[in-house]
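> There's a structure below that I have some questions on.
The values are calculated or read from the model by the stated rules, or taken from the named source; none is laboratory data. Note that the structure is a prediction, hence the values are computed from the model and not measured. Counting neighbours? That spans all protein chains shown, and the Cβs are built from the backbone with ideal geometry, glycine included.
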Amino acid sequence: MANLTIHNIDESITKNLRALAQQHGQSTEEEVQQILRQAFSDKSHTTSGLGSKISKRFTEIGGVELPQPIRSLPRQSVNFGEAS
């Protein structure tokens with residue numbers, strides 16, 4: 001396994017990482033490894049479109065009901081006739 005060193009991280013970020021690690025009963029290193037694993041194990045970020053990502057985000061917070069747009073038939077294309 002490779003090692004990774006990250007320099008110049010905000011103190012607030014390291015403080016939050018330590019707090020999360022403590023909440024989960026693990027070391028800060030283990031917490032960071034878990035965060036990275038989760039970030040890269042989610043295959044949907046590479047295969048889904050923007051709409052799917054937005055839907056997933058709102059589903060996680062309970063969803064949102066939006067009115068359905070009124071759809072109409074497509075317009076007829078213009079017929080310029082044949083060139084003479």
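> Identify all residues within the stretch 35-58 that are β-branched (Val, Ile, Thr) and either modelled with pLDDT under 85 or over 30 Å from residue 16 (Cα atoms) (or both); write none if there are none.
Passing the criteria: 46, 47, 54.
> Oh, and also: Could you name every one of the helices (runs of 4 or more DSSP H) located completely within the chain that has at least 3 residues being surrounded by 10 or more Cβ atoms within 10 Å (Cβ to Cβ)?
11-23, 28-41, 50-60
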